[in-house]
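The values are calculated or read from the model by the stated rules, or taken from the named source; none is laboratory data. These numbers come from a predicted model, not from an experiment. Positions of Cβ are backbone-derived with ideal geometry, glycine not excepted, and every protein chain shown enters the neighbour counts. Accessible surface is based on the protein model in full, side chains and every heavy atom, while ligands, DNA and RNA are left aside. Shrake-Rupley method; radii C 1.70, N 1.55, O 1.52, S 1.80 Å.
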Amino acid sequence: MFLDFGQLAAKDRYKLLTATVVPRPIALVSTRNEDGSTNAAPFSFFNVFSEDPPLVVLGLQSKPDSSPKDTTRNIRLTGEFVVNLVDEKIAEKMVICAADFPKDESEIPAANLTLAKSRNIDVDYIVDAPVSLECLRVTVLQFAKTRDLAVGEIVGFHAREGLIDPDTLRINWDKYNPIGRLYADQYIHTHDRFSMSIPAYEDAANGEYSEIIGDR
């Protein structure tokens, strides 16, 4: 089966991409509104891009009338945002933030989320999140009237107490249970994990794969 994306409507491309490129991490992005309040909106067109420099990318949307959504406008105006990652504990609060709140009305009270001051930027981070990344805008690229790509540099990293070993910087996976976005209203847990070891060239070339996959 072959589909020519140039011949498909945008809604059909969205349907196919969001149902096949899965699971996707979820960023609950906090930004500062013009009145100083904090906006929070979830994004699954999101990922880390690089560690040197430490970069994240966000796919930003505009409204159907092509006017920018709050997150897009705020990032353009302030140049700052926080990526708050989403785990099982705040999954329902994240969904509340996805509701169509009026312009400049903060989602934080309705979702019963707690804010705290960031260290290196003037946008609050969400204390309830397991991990929060303070970001400075590097650039925003507009690819269409309704679609921008924001690139941000991570300048600060907050983690829930006990989540990261301060000496080894390793994550305690018994305490970290992020969720992933599938499609439509479908999400996924991350409990079912398995390990795979990269084989030496000699083993790979000889087809010796028996030890790659570890216990599930």
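Side notes on the structure shown:
- Every test in (1) surrounded by 14 or more Cβ atoms within 10 Å (Cβ to Cβ); (2) over 24 Å from TYR183 (Cα atoms) is passed by ILE96 save one, and that test is (2).
- Among the candidates LEU16, LEU28, LEU55, the residue that is in contact with a Pro (Cβ under 6 Å, 6 or more places away or on another chain) and either among the small types (Gly, Ala, Ser) or surrounded by 13 or more Cβ atoms within 10 Å (Cβ to Cβ) (or both) is uniquely LEU28.
- When VAL123 is tested against (1) of a type in the set (Val, Ile, Thr); (2) surrounded by fewer than 19 Cβ atoms within 10 Å (Cβ to Cβ); (3) in contact with an Asp or Glu (Cβ under 8 Å, 6 or more places away or on another chain), just one condition goes unmet, and that condition is (2).
- Filtered by the rule that a residue be open to solvent by 90 Å² or more (accessible area, probe 1.4 Å) and either within 17 Å of VAL131 (Cα to Cα) or in contact with a helix residue (DSSP H, G or I) (Cβ under 7 Å, 6 or more places away or on another chain) (or both), segment 163-180 gives PRO166, LEU169, ARG170, TRP173, ASP174, LYS175.
- Cβ pairs under 6 Å, 6+ apart, first in segment 19-38 and within 16 Å of LEU136 (Cα to Cα), second in a strand (DSSP E or B) and among the aromatic types (Phe, Trp, Tyr): ALA27/PHE43; ALA27/PHE46; VAL29/PHE43; VAL29/PHE81; THR31/PHE81
- Flag for TYR183 being closer than 21 Å to ALA27 by Cβ, modelled with pLDDT of 90 or more and in contact with a His (Cβ under 6 Å, 6 or more places away or on another chain): no
- For segment 191-207, the count of residues that are of a type outside the set (Phe, Trp, Tyr) and modelled with pLDDT of 95 or more is zero.
- If you go through segment 132-154 and pick out every residue that is assigned to a strand (DSSP E or B), touching a residue at least 60 places away in the same chain (Cβ under 8 Å) and open to solvent by 40 Å² or more (accessible area, probe 1.4 Å), you end up with 5.
- Residue in segment 100-119 that is open to solvent by 40 Å² or more (accessible area, probe 1.4 Å) and within 15 Å of the chain's Cα centre (by Cα) present: no
- Residue list for segment 181-206, restricted to those being open to solvent by 90 Å² or more (accessible area, probe 1.4 Å) and at positive phi: none
- Among the residues making up segment 49-103, those that are without any contact (Cβ under 8 Å) to a residue 60 or more places away in the chain and of a type in the set (A, V, I, L, M) are LEU77, VAL82, VAL95, ILE96, ALA98, ALA99.
- Any chance ALA129 is under 14 Å from the mean Cα position of the chain (by Cα) and part of a strand (DSSP E or B): no
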